[in-house]
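The values are calculated or read from the model by the stated rules, or taken from the named source; none is laboratory data. Everything quoted here is computed from the prediction, not taken from an experiment. Positions of Cβ are backbone-derived with ideal geometry, glycine not excepted, and every protein chain shown enters the neighbour counts.
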Amino acid sequence: MALETEAMTLELGVVLKGVTHVLDHPDVGHYMVAEIDCIPVGCCLVLSEWSDWRNGSVLWIHSVFVEHAHRRSKVFASLYSALRERVATDSSLRGLRLYVDKTNHKAIQVYEALGMKREHYHLFEWMK
C-alpha cells in the first residue's frame, strides 16, 4: 500500500512489529477488515485522538487498503459506514478523520463521494 500510494518502500520487520503492537495493545487502535465469502479484501487501522476542543475522541482512519480486484465495489464504503455508525451512536466520539496523499486522486474521489470534505488544515510532520 505504501509503495502504491506514496512510492515508499517499508521495512518488513518494522511493519510486522508495528502491526503486532496494535494487535497486542487494543488501547492503541484496532484494525477493521472487510471480507467477502470469508476472504479478507480490505482493511484499515483505526486510531483514537482526544480532542480538548470537542471534549471527546476523533477516530482517525489509517492504512486503508483494498485488493485491486475489489476496488470500486464499495469495500471501503462498508468499512467507513460501520465507523460512521459507531461515531453516530457513541456519545464520546466526535467524528472521523483521515489523511490522503494529495496525488492519490482516486482515493480522494472515493472519500468525497462518501460525504467527507477537505478541511482547512495542512499536515505538517517531522519523521526520524
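So here's what we get for this one:
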| item | result |
| --- | --- |
| Some residue of segment 111-125 being surrounded by 17 or more Cβ atoms within 10 Å (Cβ to Cβ), aliphatic (A, V, I, L, M) and within 18 Å of L47 (Cα to Cα) | yes |
| Near pairs, Cβ below 6 angstrom, 6+ apart or cross-chain, from segment 36-56 (farther than 21 Å from V19 by Cβ and without any contact (Cβ under 8 Å) to a residue 24 or more places away in the chain) to any residue that is surrounded by 10 or more Cβ atoms within 10 Å (Cβ to Cβ) and hydroxyl-bearing (S, T, Y) | W50/S57 |
| Boolean, R84 is within 25 Å of D37 (Cα to Cα), among the charged types (D, E, K, R) and either at pLDDT 95 or above or part of a loop (DSSP other than H, G, I, E, B) (or both) | yes |
| Output for segment 1-18, where each listed residue is under 14 Å from the mean Cα position of the chain (by Cα) and free of Cβ contacts under 8 Å to residues at least 24 places away in the same chain | A2 |
| Criterion: surrounded by 10 or more Cβ atoms within 10 Å (Cβ to Cβ), touching a helix residue (DSSP H, G or I) at 6+ places or on another chain (Cβ under 6 Å), under 25 Å from V15 (Cα atoms) and modelled with pLDDT under 95 - qualifying residue of V100, V66, V41 | V100 |
